[in-house]
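Worksheet: the structure to be examined is printed underneath.
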Amino acid sequence: MKKLSIIGSTGSIGTQALEVIDQMSDIKVTSLACGRNVKLLLEQARKYMPHLISCELKEDADFLKEDLKELPIEVLWGEEGLNAVAEDRESEMLLNAIVGMKGIVPTVKAIKKNKTIALANKETLVAAGHIIMPLAKEYGVKILPVDSEHSAIFQSLKGNRGEDIKRILLTASGGPFRGMSYEDLEKVTLKDALKNPNWSMGKKVTVDSASMVNKGLEVMEAHWLFDVPVNHIQVLVHPESILHSAVEFDDGAVIGQMGVPDMKIPIHYALTYPKRGELDVKPLDLFEVQTLHFYHPDMETFFGLQLAFDASLAGGNMPCVFNAANEEAVASFLNEKISFIQIPEIIQTAMMEADFEEDPSIDDILQTEKDVREIVRKLICTL
């Protein structure tokens, strides 16, 4: 029986992971953490009976304690509760499915408790990859990617040496605005941006996919996960989302992973690794698909992707600047305070204004995040 903790249990990845676990008989959920969706957390607590749960705010924790008072479930809240779930003594694996920079410290805590990390939190490696990967190596901890693209790369590398990689071919659906001009993007609405053609994701990630910023974050993540230079990572727009990514080796061979666009597949692989188990998902029918298309990304129109390459090549705390500026800008877009096209413009301005740190510590990264959010908030007030 594999014992699992989940942070972000009420989000898109967390809920899909629990649906996968419902099909399995060999995983026990020992602890859960969420943000504000305490009604769903309450349902999850009663169904999976973890010994520990946590939420963001004290008043929500008080509500949970009262409702669960007859059950042996400890209820915590805030940063302390999030870290307690990450360090849970009863679990051997942490699924980090939380969105944002707050996923970094729990990952560090779990690594130091020698837990396997199933990682869906891009920000952990985007902002702190130079710390996380050496730390995982020091503690002998496996980091298993949950993103469909990184899972595909991980699977394509199985049985092959990482030093033989020539290029990583990172695929992108192109989102709902593929083929649009800059002028077209000036007119799109929030409703338009939340219509991803292939994937079911949370609102923030869906907007990131529409702007191609999500793919930029995945470039940075792939750089750290697979120790490949950023300029050896090529983004391919692949509208069908059937080839989830591939690896080209020095001998010219290209190995990729295909499947229907369903996040349950990479989630399941991370939870069962190194084995594979049966999963009830729609099978891939290549006769039905027939044709696969691949295009160069338009990095002038969707210049958030180019900014991600720039940030990654700059190194230091610049990926953190990129990510924090994007998080703040997307939050403002979701609240309809700015337009869609202003998201990459805000990121670009933040990257020019933020102080550069060449070798940031975790504390430096968290301070950078605070500073950048303040820069962005002031900027948005002037727009």
* Structure fact -> Projected onto their principal axes, the Cα atoms of the stretch 145-253 stretch, largest extent first, over whole-Å spans of 46, 25, 23
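Would you mind putting 290-296, 151-157 in packing order, based on average other-beta-carbon counts within 10 Å, highest first? Write down the numbers at each step before the final one.
Working: 290-296: 10.6, 151-157: 23.6.
Listed from highest to lowest mean packing, they are 151-157, 290-296.
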* Structure fact -> Cross-link reach from K378 to aspartates and glutamates, straight Cα distance under 19 Å and at least 8 residues apart if same chain, gives E327, E328, E336, E345, E353, D355, E369
* Amide hydrogen neighbours beyond the local backbone of W199, cut-off 5 Å, H modeled -> none
* To do: Determine the percent antiparallel among the DSSP beta bridges restricted to the chain, to the nearest 5.
  => 25 percent
* Compactness of the stretch 109-177 - radius of gyration and Dmax, Cα, Å -> 13.8, 43
* Using the heavy atoms of the protein chains alone and a 1.4 angstrom probe, what is the accessible area of the stretch 224-284 per residue in square angstrom? -> 47 Å²
* For the chain, rounded, prolate or oblate, judged on the Cα gyration tensor with a ≥ b ≥ c (square roots of eigenvalues), a/c < 1.5 rounded, else prolate if a/b > b/c? -> rounded
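For I7, I380, give me the order by solvent-accessible area with a 1.4 Å probe, most accessible first, ignoring ligands, DNA and RNA. Can you show the working numbers first?
Values: I7 0, I380 25 Å².
Accessible-area ranking of I7, I380, largest first: I380, I7.
Of all the Cα-Cα pairs you can form in the stretch 287-340, what percent are over 14 Å apart?
On the way: 966 of 1431 pairs.
In whole percent, the share of Cα-Cα pairs in the stretch 287-340 beyond 14 Å is 68.
Express the Stokes-Einstein translational diffusion coefficient of the stretch 337-383 in µm² s⁻¹, to the nearest whole number, given a Kirkwood radius over alpha-carbon pairs, 25 °C and a viscosity of 0.890 mPa s. All intermediate terms of the calculation are to be shown ahead of the outcome.
Working: Rh = 11.5 Å.
The Stokes-Einstein estimate is 214 µm²/s.
Could you give me D for the stretch 27-125, from Stokes-Einstein at 10 °C and 1.306 mPa s, where the hydrodynamic radius is the Kirkwood radius over C-alpha pairs? Units µm² s⁻¹, please.
118 µm²/s
With a 1.4 Å probe and every protein chain kept in, tell me what percent of the accessible surface of the chain is carbon plus sulfur.
Values: 8470 of 17200 Å².
Answer for the chain: carbon and sulfur cover 49 percent of the accessible area.
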* Asked: Quick one: which of K109/K158; K137/K158; K122/K264 span more than 25 angstrom between C-alpha atoms?
  -> K109/K158
* To do: Measure up K28/K69; K58/K204; K39/K187; K195/K215 against 27 Å on the Cα-Cα distance and list the ones that go over.
  => K39/K187
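The values are calculated or read from the model by the stated rules, or taken from the named source; none is laboratory data. The structure presented is a predicted model; accordingly, all values stated were derived computationally and were not measured. Methodologically, a virtual Cβ is constructed for each residue, glycine included, from the backbone with ideal geometry; neighbour enumeration extends over all protein chains shown. Keep in mind that these areas ignore ligands, DNA and RNA; they rest on the heavy atoms of the full protein, side chains included. Shrake-Rupley method; radii C 1.70, N 1.55, O 1.52, S 1.80 Å.
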